[in-house]
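Beneath this line is the structure, given in structure tokens, with notes to follow.
The values are calculated or read from the model by the stated rules, or taken from the named source; none is laboratory data. Treat the numbers as computed from the prediction; the structure is a model and nothing was measured. Here the Cβ is made from the backbone with ideal geometry for all residues, glycine too, and neighbour counts use every protein chain on show. Only protein heavy atoms, including side chains, enter the accessible area calculation; ligands, DNA and RNA are left aside. Shrake-Rupley method; radii C 1.70, N 1.55, O 1.52, S 1.80 Å.
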Amino acid sequence: MKKFNIRKVLDGLTAVSSSSSATAQPGTRENDVIQETLQSEHFQLCKTVRHGFPHQPSSMAFDPVQKILAVGTQSGALRLFGRAGVECYCQHESGAAVIQLQFLINEGALVSALADDSIHLWNLRQKLPAILHSLKFNRERITYCHLPFQSKWLYIGTERGNIHIVNVESFTLSGYVIMWNKAIELSTKTHPGPVVHISDNPMDEGKLLIGFECGIVVLWDLKSKKADYRYNYDEAIHSVAWHHEGKQFVCSHSDGTLTTWNVRAPAKPAQTITPHGKQPKDGKKPEPCKPILKVEYKTTRAGDPFMVLSGGLSYDTVGRRACLTVMHGKSTAVLEMDYPIVDFLTLCETPYPNDFQEPYAVVVLLEKDLVVIDLGQIGYPIFENPYPLTIHESPVTCCEYFADCPAELIPALYSVGSRQKRQGYSKKEWPISGGNWGQGTQSYPEIIITGHADGSIKFWDASALMLQVLYKLKTAKVFERARGKEEKPSTDIVEEDPFAIQTLSWCPESRMLCVAGVSAHVIIYRFSKQEVTTEVVQLLEVRMQCELSDVDSPDPGGDQTPTLPTPGASSSPQENEAPTHPSTGSNSTDGPRDNIPCLQVRSSPLKQSPGYQVELVIQLVWVSGEPPQQITSLAVNSSYGLVVFGNSSGLAVVDYLQKTLLLNMGTTELYSPSDPYPRQPRSPRKARQPSADIPTVTSCMSSLSNLYTESVKKLRFSHFTLCDSNDGSNASEDRCKSPTSGTPSPCNSDDEPKQQNFIERVKSKSRRFSKTVANDFARMSWKISSPTEQKTDMEERVRRRRSLPSSKRFCCMRRDVRRSVSALNSNAKDNSFSRSRSSSVTSIDRESREAISSFHFCESFPRKTENLLSPSLLVGTTQGSVLVVALSLPPSGDQRLQQPVSISSCGTLVRLKGGVLTMALLDATGALLPPPYEPWYDPNASDEEKEKSRRRRPASPPSSQEGQDSQYAVVCSEKQAKVVALPSQADIYKHNITESSFVLRADVVQMAGASCIACFCANGHIMTLSLPSLRPLLDVNYLPLTDMRIARTFCFSNLGQALYLTSPTEIQRITYSQETCDNLQEMLSELFTPVETPEAPNRGFFKGLFGGGAQSLDREDLFGEMAAGKASRSLAQHIPGPGGMEGMKGAASGVVGELARARIALDERGQKLGELEERTAAMMASADSFSKHAHDMMLKYKDKKWYQL
């Protein structure tokens, strides 16, 4: 209650501070108009489920009655699996590795032994398992545990060779101890080593088989407390397995041999075999092999026994993968595995060790996979795994989460993904089939998309706390693959995984998918239910230069460069189609690579199955020997038919309907001349007015050193603008050309103001660069002054230019200037210094660039003066600026495919601290406005079906009244969040999220019928802010950033859902919704279900008569406190578990279950009970009559003597 009050007080203080810092607006205040419904009571943070393969598994156990599989890991985690969709995750607090697991079969409990010498009892009768008891050994190291079936006494072997016994019910040690020096022969002078095996004789519970590492096996009599037999072998033992009759056992050894021993013949093994050893012809001992780490010996009633083993391969099989060997009769099958084997278990029909085992499957736990082999079919096929254990099939590089998707999406993805399933699986049902699904009411569709290092993308159905793969898309099919290292192209910018997914943008409503890879490529996909064959993959190449080198210039070679039509200009349709093959650029060894992409698009026809099919491939090309920068942000909009992507060089807008490049700009060119926000520091020295002569460029470049010196003396922030034109959209017309034609766009050298503006920009670049490297001036000043060679080279270029036509002369001039600045920048890189604030900012060049960090398509007001909604694009940068780009779209239909799209930059909307992470729009009532979209239609369907679907979704209110704001832009950066009113562009609310840390991921999400901002900070805090007032609603210190994997994959979704990759193989889902937390118990699956234990095997008449059956043992008489006494208190410490109360509840529920079963049994026997009642009444009447007759007889002969009878 106290915490609740403090939170309310903080909410009130935050609201007051936000209101005080907000800009006043004419008319009614926004917080009076918009009623916010989200409160702190709606939020609570908790983990829900964990999906994927257990990371670094170390042990495994199986309950043959409940049919539940448990897997322990090296980090102390427990993963329990039942039927498909039944999973559970638990964690030991110590984090020590789980070395062994033992089920209390059909009891709903599990014992775990850890590497820190502790054992724990888990209660599985509740949905969230908890520890009931713990026991921590102080003086002994645990090496092996054994819990006999239907026993409460747990045997624990130690590193010293001793065996201790623990009562599982009370978790107390017995005074009965088997000491190593009593188990081995007195004549033995060496220590036998740790205990590696413990098991009781299947036919006699009073006989305990103990295996020591050195090769000694002892059969210990528990009653007489002495060894009956000792079996010696020269090689170390790894495992032991009994025959079910208790007359033989098999040992696996470190030299790759298997020894079979008769219990009553300890002198030598009855049989010794080397399964994978080469048998010499002269009868000598076979060559030693690798150790057989584990062996299991299982018998069948109708045939030969099975012997399953791991390891034991010959040493000459270098590089061979791990194998599992199945020996059945005279046949030996060697099954290769993809990863090393951690453990394996043979699944049998009966839990009783003294009966025919009847094995039917083998569960093999690998380092990165779980395989179940069917022993009942020829060839030993594997079962189809229903668990989502293939998340890490290729390393996950990005992740997105979509909750409350359109209902028809999951069936559509499943229908196309079902055709991708492999063949050859076992026809039997999955054998791990225990547990029951949860009964939660959460029913909205959820989809998770993962991008991988091999270029694949997987769609997962994440509804109702389950996870199932729906569809897999391989983006690498679009490109040519190098067959060998010698064929690897020299243009790769990454050594490994050139197809890895960097980021993706997906529109669930239109099913448009756009992915960006690490090789600076973008692929646009459409969803289709029909198979097509694409003869030529559509390709568009884009030349993006870094910011310090300005943007792309006209090139006589006819390369793709951008165009930026003014809003009022009408550009003619593109004359040529987009190039459908890679452009031939300069890739000779003599000169730098230029105009060549990093990957080669496939030239042969591409067969595309139903599902996602390639619409367009966009590739960034090398520029003058410099590789393209990786793409940092991406967005697709189906309603506009546009894709936008950006990096540290700028942004590009592509019309994927017309397959043309619409815009290719540097980040600085997006700023308007009237921008009120200071961007970059520059020297206060006034710029000189250059003349129109070409040599002025040389003087401008040679004066960079003077500008540099001046900037060291005076450094202050001042207004920075890119150009002096009235409209920012005109700034790039002087360097653009048509995307598909080889002729330059109007770049008239007679236009004197444009040349002066260009010179001004060059000098502005110089000032900006000088400020960037001012702190390292002493080290770099000698490099900045131009050497004689550079001056001579510049003069030669000027001479060549004078002979060119005026139109080309200006273009070449600009290119040379850029090359000079580029060269200067490269010199600066050589002596760059690292900053300690971030590992990613390691040079002056990176420090100075402003990269694009986020995009948002919307219907909004691009300018202050506009009152009509129009298509817009919000652009966020790493320097905290949010820029607005206006889009002018032709009418839909044929005109949209023929007329060009016009784009104009409208300057800065708002500026924040830190890089911009996410943006969104709210309407006048505070409701979230999603980006416009086009309903999905099949691109391969008939024209009539296309026309029915291709209608743009109606946008929000068409206009805004004069003097009133009808929209609110929500912007969140690494440090701040702001709400800006539109079209007035006035700041309404501002909130500083963090000062000491920074936000890694932020999303505007919908929850409980309202919207909020969800943030994840690098210091581990998860926060939510209300909209539009930005009141803090939740702030929990959840997970400090310990791995960049978390930062790369953390994402929020609607309805209070979030996830991240907690390990390379596992996805952790969490919720920040109070409603979900309250319903979590109902939604989780149940592990324990009431099942009757199978009947014990029938001993038979003769075995029972002559003692040939299994011998039972009252262990209580041997190990109880009355007989064995108390154990030493210093040996181990008992720790009560936190799940004591839950354990009592679980036990109570177990009793209730027993009563329910008894009640059912009584109901089934109702008729028999009725008949029994009638018989009982008849017997009572008969007894009464008999009593009367007996009394009469007694009276008759009472007074007579015996001789009178």
Please report, as a whole percent, how much of the solvent-accessible surface of segment 229-296 comes from carbon and sulfur atoms (probe radius 1.4 Å). 49 percent
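Could you grab the relative contact order for segment 977-1018? Cα pairs under 8 Å, six or more apart, rounded to a whole percent.
Working: 51 pairs, mean separation 12.0, N = 42.
The value is 29 percent.
Just check segment 303-430 against the gyration tensor rule for me: Cα atoms, a ≥ b ≥ c as the square roots of the eigenvalues, rounded for a/c under 1.5, and otherwise prolate or oblate depending on whether a/b exceeds b/c. Present the calculation step by step, with values, prior to reporting the outcome.
Values: a/c = 2.49, a/b = 1.68, b/c = 1.48.
Prolate is the answer for segment 303-430, as a/c is 1.5 or above and a/b outweighs b/c.
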Check ALA361: other-chain or 5+ apart residues with amide H under 5 Å from its amide H, H built from backbone geometry? LEU347, LEU375
Collect residues whose amide H, placed 1.01 Å from N in the peptide plane, falls under 5 Å from the amide H of GLU615; neighbours closer than 5 in sequence don't count. ILE524, TYR525, ARG526
Taking R0 as 45 Å and r as the Cβ-Cβ distance between MET1179 and GLU1095, the FRET efficiency 1/(1 + (r/R0)^6), rounded to the nearest 0.05, comes to 0.90
Computed label-point distance, nm, for sites ASP492 and ASP987 using a 7 Å Cα→Cβ extension: 4.8 nm
For PHE43, list long-range residues whose amide hydrogen, built 1.01 Å from N in the peptide plane, is under 5 Å from its own amide hydrogen. GLN1074
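Quick one: which of LYS189/LYS223; LYS189/LYS268; LYS47/LYS152; LYS268/LYS294 span more than 24 angstrom between C-alpha atoms? Mind showing how you got there, number by number?
On the way: LYS189/LYS223 27 Å; LYS189/LYS268 21 Å; LYS47/LYS152 34 Å; LYS268/LYS294 21 Å.
With Cα atoms farther than 24 Å apart: LYS189/LYS223; LYS47/LYS152.
Which of the three applies to segment 393-462, rounded, prolate or oblate, going by the alpha-carbon gyration tensor with a ≥ b ≥ c and a/c under 1.5 meaning rounded?
On the way: a/c = 1.61, a/b = 1.06, b/c = 1.51.
It comes out oblate by the Cα gyration axes.
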If you average the alpha carbon positions of segment 369-403 and of segment 599-663, how far apart do those two centres end up, in angstrom? 33 Å
Separation in nanometres of the label points that stand 7 Å from Cα toward Cβ, at GLN377 and MET1193: 7.4 nm
What Kirkwood radius, in Å to one decimal, follows from the Cα pairs of segment 488-538? 13.0 Å
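Under the 0.36 nm per residue contour assumption, what length would be gained going from the current alpha-carbon distance of SER94 and ARG301 to full extension?
On the way: separation 207, 0.36 × 207 = 74.52 nm, distance 4.52 nm.
Extending this stretch completely gives an extra 70.0 nm.
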Quick one: accessible surface of MET1044, probe radius 1.4 Å, all protein chains present, in square angstrom to the nearest 10. 130 Å²
Of LYS368, LYS330, which has the most accessible area and how do the rest follow, probe 1.4 Å? LYS330, LYS368
Expected output is a single nm value to one decimal: the length gained when fully extending between CYS46 and GLN1133, i.e. 0.36 nm times separation in residues minus the C-alpha distance. What is it? 388.1 nm
On a 1.4 Å probe surface of the protein chains, which of VAL494, VAL980, VAL177 comes out largest in accessible area, and what is the full order? VAL177, VAL494, VAL980
When the Karplus curve 6.51 cos²θ - 1.76 cosθ + 1.60 is applied with θ = phi - 60°, which whole-Hz ³J(HN,Hα) does each residue of segment 216-224 get, with x for Gly and Pro? 8, 10, 10, 9, 9, 8, 5, 6, 7
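How much length is gained on full extension from ASP116 to LEU1172, taking 0.36 nm per residue of separation minus their Cα-Cα distance?
Details: separation 1056, 0.36 × 1056 = 380.16 nm, distance 5.93 nm.
The span from ASP116 to LEU1172 would gain 374.2 nm if fully extended.
Say R0 is 45 Å: what FRET efficiency, to the nearest 0.05, do ARG320 and LYS225 get from their beta-carbon distance? Present the calculation step by step, with values, prior to reporting the outcome.
Values: r = 47 Å, r/R0 = 1.05.
The computed FRET efficiency comes out at 0.45.
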Can you list the HN-Hα couplings for segment 88-96, worked out from phi with the Karplus curve (6.51, -1.76, 1.60; θ = phi - 60°), rounded to whole Hz and with x for Gly and Pro? 8, 10, 10, 9, 6, 5, 5, x, 6
Here, LYS247 and GLN1081, labelled 7 Å along Cα→Cβ, have an inter-label distance in nm of 5.5 nm
Phi angles of segment 351-365, converted by Karplus (6.51 cos²θ - 1.76 cosθ + 1.60, θ = phi - 60°) into ³J(HN,Hα) in whole Hz with x for Gly and Pro, give x, 7, x, 9, 10, 4, 6, 6, x, 10, 7, 10, 8, 10, 8
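Quick check: with the 1.4 Å probe, what order do VAL532, VAL111 take by accessible area, largest first?
Working: VAL532 35, VAL111 5 Å².
The most accessible residue leads, giving VAL532, VAL111.
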Give LYS427/LYS477; LYS421/LYS529; LYS421/LYS607; LYS247/LYS428; LYS278/LYS330; LYS290/LYS330 a once-over and call out the pairs whose C-alpha atoms are over 24 Å from each other. LYS427/LYS477; LYS247/LYS428
With every protein chain left in place, what is the accessible area of ILE99 in Å² (1.4 Å probe, nearest 10)? 70 Å²
Leaving ligands, DNA and RNA out of it, work out the accessible area of LYS207 with a 1.4 Å probe and give it in Å² to the nearest 10. 40 Å²
